[in-house]
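Colleague: So that we are looking at the same thing, I have put the structure below in structure tokens.
The values are calculated or read from the model by the stated rules, or taken from the named source; none is laboratory data. Just so it is clear, the structure is predicted and the values come from calculations on it, not from any experiment. Accessible surface is based on the protein model in full, side chains and every heavy atom, while ligands, DNA and RNA are left aside. Shrake-Rupley method; radii C 1.70, N 1.55, O 1.52, S 1.80 Å.
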Amino acid sequence: MKVMLVDDEPLALQFLETQLHSIGDFKIVGAYQTSRGLMDRIKEKKPELLFLDIKIGSVNGVELAAAIQEENPNVPIVFVTGFQEYAVQAFELNALDYIVKPIQKDRLRKTIQRLNTEVQKNDSNAPVRINCMPTLQFLQNGETLPVQWRTSKAKEVFCYLLHHAGKPIRKDVLIEEFWEDKEPEKAFTQLYSTIYVIRKTLAASLPGLSLSSANQCYQLHLGDTEVDIREWRNEITHLPVLNEDSLSAYQRLLREYKGDYFSAEAYSWAESEQRQLRENWYKTAVQVGVFLEEQHKLEDAVSLYLRMQADYPYIAHSYIRLMHVYDVLGESGEVVNQYEGLKQMLEEEFAIAPEAEQMAWYTSWRERHMQA
């Protein structure tokens with residue numbers, strides 16, 4: 001394994017090199033006391049692992065690591081520090097590992113084992129599926145991938161890039177969306193640190209995804225990764241005319257809508273897409289409900305309307321249709337329950353009574369079915 005070392009203490013460099021040679025077959029492709037020209041050296045030497053001091057003279061190693069990841073996102077970085085508080089900072093930045101000086105062999109072995117574990121994870125060729133309804137979830141071979149986000153901000157920025165996957169997003173747009181209240185210099189530092197965390201997370205758990213940087217933009221590339229909301233939106237947009245042959249496809253899509261887009265995360269920037277998808281689902285459900293009634297598939301219609309009522313309790317349509325379907329099924333008690341539920345909902349939420357047409361229908365129905 002090709003390893004590069006960067007530490008402004010010559011004795012620390014020498015000690016680390018000795019420890020590495022004592023635990024495995026490592027080729028030291030560079031040992032430097034300064035960060036000057038480090039980017040060029042990394043490109044030239046192509047290290048498979050980089051040990052980086054958290055403080056290199058006046059240079060902040062955390063900021064340097066973020067810059068390195070901008071240019072070389074696949075290089076694992078291990079922070080080396082003499083101070084525990086810096087170790088915590090490095091860990092939060094999602095480095096492969098951090099080691100507190102003086103470096104012990106057993107601790108160094110654990111770092112290499114962690115690297116090998118990450119490499120094994122990356123060897124999996126099974127496609128990954130990303131679910132966004134109702135929360136961010138990663139699946140592989142039908143099982144949930146335990147993707148860990150070091151910060152909630154990194155998770156949200158990833159979701160935003162996923163929302164715009166395949167499109168370049170300008171850095172200033174990200175700054176305005178997520179760090180508008182910060183001074184420009186601090187905002188860009190936080191952006192770079194967040195991108196660093198995202199890239200490390202992708203490299204560790206989602207190697208099929210990649211994040212490129214060009215022309216002051218970032219772009220998330222999905223590769224062959226499937227995204228539930230993209231598939232769902234595409235399928236519902238291209239549904240054939242609703243008839244007996246296509247009914248099952250309509251019903252499947254209604255079932256596959258597991259919840260609103262990123263509703264568990266409650267991201268404000270996702271609300272517009274969330275509303276559009278909800279409207280698509282509801283309009284389709286109304287269409288299917290009418291067809292089920294026309295085809296006398298009344299039990300299926302009841303199931304659909306009950307879901308509509310549970311998910312959209314403040315829309316009168318499901319109450320009204322259930323009243324009519326239960327009437328046909330001869331379930332008088334349920335007709336009463338739906339009308340009373342409708343009255344209560346309208347009174348509590350809108351301080352209004354049911355429309356005259358609904359009241360007239362129910363009054364007529366009671367006269368026919370509920371006379372003492």
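Colleague: Using alpha-carbon positions, what is the distance between the centroids of the stretch 126-141 and the stretch 19-65, in Å?
Modeller: Taking the Cα centre of the stretch 19-65 as reference, the centre of the stretch 126-141 is 35 Å away.
Colleague: OK, next. Given the protein chains as shown and a 1.4 Å probe, how many square angstrom of residue 167 are accessible, to the nearest 10?
Modeller: That residue has around 130 Å² of solvent-accessible surface.
Colleague: Determine the order of 308, 359 by accessible area, beginning with the largest, at a probe radius of 1.4 Å.
Modeller: Highest to lowest solvent-accessible surface, that is 359, 308.
Colleague: How large is the accessible surface per residue of the chain, computed with a 1.4 Å probe and reported in Å² as a whole number?
Modeller: It amounts to 52 Å² per residue over the chain.
Colleague: Anyone know which of 329, 298, 108 comes out most mobile in the 10 Å Cα GNM of the chain?
Modeller: For the chain, modelled as a Gaussian network with Cα springs under 10 Å, the answer is 329.
Colleague: Please work out whether the stretch 110-247 counts as rounded, prolate or oblate from its C-alpha gyration tensor, where a ≥ b ≥ c are the square roots of the eigenvalues and a/c under 1.5 means rounded, while otherwise a/b larger than b/c means prolate and anything else oblate?
Modeller: oblate
Colleague: Does the stretch 1-51 come out rounded, prolate or oblate, given a ≥ b ≥ c as the square roots of the eigenvalues of its C-alpha gyration tensor, rounded meaning a/c under 1.5 and, failing that, prolate meaning a/b above b/c?
Modeller: Verdict is oblate for the stretch 1-51.
Colleague: Relative contact order (percent) for the chain, with alpha-carbon contacts under 8 angstrom and 6 or more residues of separation?
Modeller: Once normalised by length, the contact order is 11 percent.
Colleague: OK, next. How much of the accessible area of the chain, probe 1.4 Å, is carbon plus sulfur, in whole percent?
Modeller: It is 47 percent, rounded to a whole number.
Colleague: Could you go through the stretch 157-162 in sequence order and give the Karplus-derived ³J(HN,Hα) for each residue, using 6.51 cos²θ - 1.76 cosθ + 1.60 with θ = phi - 60°, rounded to whole Hz, and x for Gly and Pro?
Modeller: My calculation for the stretch 157-162 gives 5, 4, 4, 5, 5, 5 Hz in order.
Colleague: Holding the Cα-Cα limit at 30 Å, pick out from 55/105; 27/101; 2/186; 55/167 the pairs that are longer than that.
Modeller: Beyond 30 Å: 2/186; 55/167.
Colleague: Then there is this: For residue 205, what accessible surface area do you get with a 1.4 Å probe? Give it in Å², rounded to 10.
Modeller: 30
Colleague: Tally the DSSP beta bridges in the chain and give the antiparallel ones as a percent, rounded to 5.
Modeller: Of those bridges, close to 45 percent are antiparallel.
Colleague: Hey, of (i) 30, 56, 14, 0; (ii) 23, 39, 23, 13, 2; (iii) 29, 53, 18, 0, which did the structure itself give for P(r) over Cα pairs in 20 Å bins from 0, in percent when calculated?
Modeller: For P(r) over Cα pairs in 20 Å bins from 0, in percent, the calculated option is (ii).
Colleague: Turning to a different aspect of this structure: With every protein chain left in place and a probe of 1.4 Å, what is the accessible surface of residue 153, to the nearest 10 Å²?
Modeller: 70
Colleague: With n ≥ 4 as the cut-off for DSSP H runs, can you work out [θ] at 222 nm for the chain, using -39500 (n - 2.57) per run divided by the number of residues, rounded to the nearest 500?
Modeller: The helix contribution divided over the chain gives -18000 deg cm²/dmol.
Colleague: Continuing with the same structure: If a/c stays under 1.5 just call it rounded; otherwise compare a/b with b/c (prolate if a/b is bigger, oblate if not). Do that for the stretch 179-252, with a ≥ b ≥ c from the square roots of the Cα gyration tensor eigenvalues.
Modeller: prolate
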